[in-house]
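Take a look at the structure set out below.
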Amino acid sequence: MIITVTLNPSLDLNVYVDKLKKNQNNRTKNMKYDIGGKATHVSLVLSALGIENIATGIMGGNNGKRLVKMMEDRGVDCDFVFQEGDETRVTYIIVQEEVEGTFMLTEPGFSIKTETFKKLKQKLREIVQKDDLIVISGGIPPGIDIGNYRCLLNLIEDVGGILVVDTSGECLLEAVKHKPYLIKPNEIELRELVGCELTDEKLYIKELKKLNNQGIEIVALSLGEKGSIISTKNKTLRIIPPNVVQVNDTGCGDIFLGGAVSMLYQGMNLVEAFRFATAIATSKVTKMGTSEFSLKETREYMKEVIIYDV
Ligand code: TA6
């Protein structure tokens, strides 16, 4: 079983404009609510592929109910802890139709009560079985500190869960200490983790190998539209995605992780798992929303993904 944990989910509101103009009235062309990413997106990919999974984490209010309904409508088995009296946050993504690139405005999210966090830990104790893959993505909301985060990772390990972590900053620094099976930093997150400027891919690879030698089986460094570098102790892959028009890049990293986890869980080798991951993220970037992708397009894009050993 795969369980995805999103501590600070978001209801995404995509706002479409021609091109943002400063100090002017930017009339929107369309607005569309979508499922906010992080581990929720991993569940969307798993469910689209018919792979059994449970999406959990902490939600609140009507936004939370709306988000759960949107996920259930896409076949995800949701089992979130709801905190009464608070609303799951909304993230605003401004999508410019005339130029590539988006602007994302995120709220911190509501403060998690001690009781709520206890309920989440209890839920994980109940549902996590030995050798389950536990995908925990995103940052920690107010009310949860790094000590709580450490406690959560320890709990997952104590019940025999295998960690997949996609996070940043102090959470990533903490997660690395738990030797997760897979982490997926981007360039900024890796630089922050190692605490130095990395000017070329050779330096990236050196740092990825250090992380492998610290016990992290797979490090997938996402390089956005430039692709990714996938590193294990005895293999380094450089992956180049197909060249497509980017409509909305938000959520690509999460869908990429969903693709990789789906394939690795089914026993695919590293090359094929990340070929699929790259192809599904490519499909996603061509879509207007933050959680959309097409498996049919993914199968086509897989033929165009370039992968070579470094
Ligand atoms: O990674 C994409 C995404 O999950 C968006 O869907 C949006 O919800 C945003 O990131 C939230 O970012 P944050 O880092 O605040 O959790």
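The values are calculated or read from the model by the stated rules, or taken from the named source; none is laboratory data. What you are looking at is a predicted structure, and each value in this text was computed from that prediction instead of being measured. Neighbour counts are summed over all protein chains in view; Cβ atoms, including those assigned to glycine, are modelled from backbone coordinates with ideal geometry. For the accessible areas, the whole protein counts, side chains as well, though only heavy atoms, and no ligand, DNA or RNA atoms are used. Shrake-Rupley method; radii C 1.70, N 1.55, O 1.52, S 1.80 Å.
Brief remarks on what is shown
- Unmet criterion (only one of (1) within 17 Å of Glu100 (Cβ to Cβ); (2) in a loop (DSSP other than H, G, I, E, B)) for Ala281: (2)
- Criterion: over 25 Å from Ile94 (Cα atoms), away from the ligand (no atom under 16 Å from the Cβ), touching a Phe, Trp or Tyr at 6+ places or on another chain (Cβ under 7 Å) and among the β-branched types (Val, Ile, Thr) - qualifying residue of Ile58, Ile51: Ile51
- Counting only residues that are in contact with a helix residue (DSSP H, G or I) (Cβ under 9 Å, 6 or more places away or on another chain), assigned to a helix (DSSP H, G or I) and open to solvent by 30 Å² or more (accessible area, probe 1.4 Å), region 204-225 holds 3 of them.
- Taken together, the residues in region 62-85 that are within 16 Å of the ligand (Cβ to nearest atom) and either open to solvent by 10 Å² or more (accessible area, probe 1.4 Å) or part of a strand (DSSP E or B) (or both) amount to 6.
- In summary, Asp34 fulfils each of the numbered conditions (1) among the charged types (D, E, K, R); (2) within 11 Å of the ligand (Cβ to nearest atom); (3) touching an Asp or Glu at 6+ places or on another chain (Cβ under 8 Å); (4) open to solvent by 20 Å² or more (accessible area, probe 1.4 Å) with the single exception of condition (4).
- In region 92-106, the residues that are without any contact (Cβ under 8 Å) to a residue 40 or more places away in the chain reach residues that are surrounded by 11 or more Cβ atoms within 10 Å (Cβ to Cβ) with C-beta atoms within less than 8 angstrom, at least six apart or across chains, in these pairs: Leu105/Thr91; Leu105/Tyr92; Leu105/Ile93; Leu105/Ile94.
Quick grid of which residues meet (1) outside any loop (DSSP other than H, G, I, E, B); (2) surrounded by fewer than 22 Cβ atoms within 10 Å (Cβ to Cβ); (3) modelled with pLDDT under 95:
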site	(1), (2), (3)
Leu237	yes, yes, no
Ala260	yes, no, no
Glu272	yes, yes, no
Arg275	yes, no, no
Glu292	no, yes, no
Lys296	yes, yes, no
Tyr308	yes, yes, no
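- Some residue of region 128-135 being without any contact (Cβ under 8 Å) to a residue 60 or more places away in the chain, among the β-branched types (Val, Ile, Thr), within 15 Å of the ligand (Cβ to nearest atom) and in contact with a Leu (Cβ under 9 Å, 6 or more places away or on another chain): no
- Restricting region 147-187 to residues that are touching a residue at least 60 places away in the same chain (Cβ under 8 Å) and within 20 Å of Ser228 (Cα to Cα) leaves a set whose member that is most open to solvent (accessible area, probe 1.4 Å) is Asn186.
- Scanning region 176-200 for residues that are assigned to a loop (DSSP other than H, G, I, E, B) and not small (Gly, Ala, Ser) yields His178, Lys179, Pro180, Tyr181, Lys184, Pro185, Cys196, Glu197, Leu198, Thr199, Asp200.
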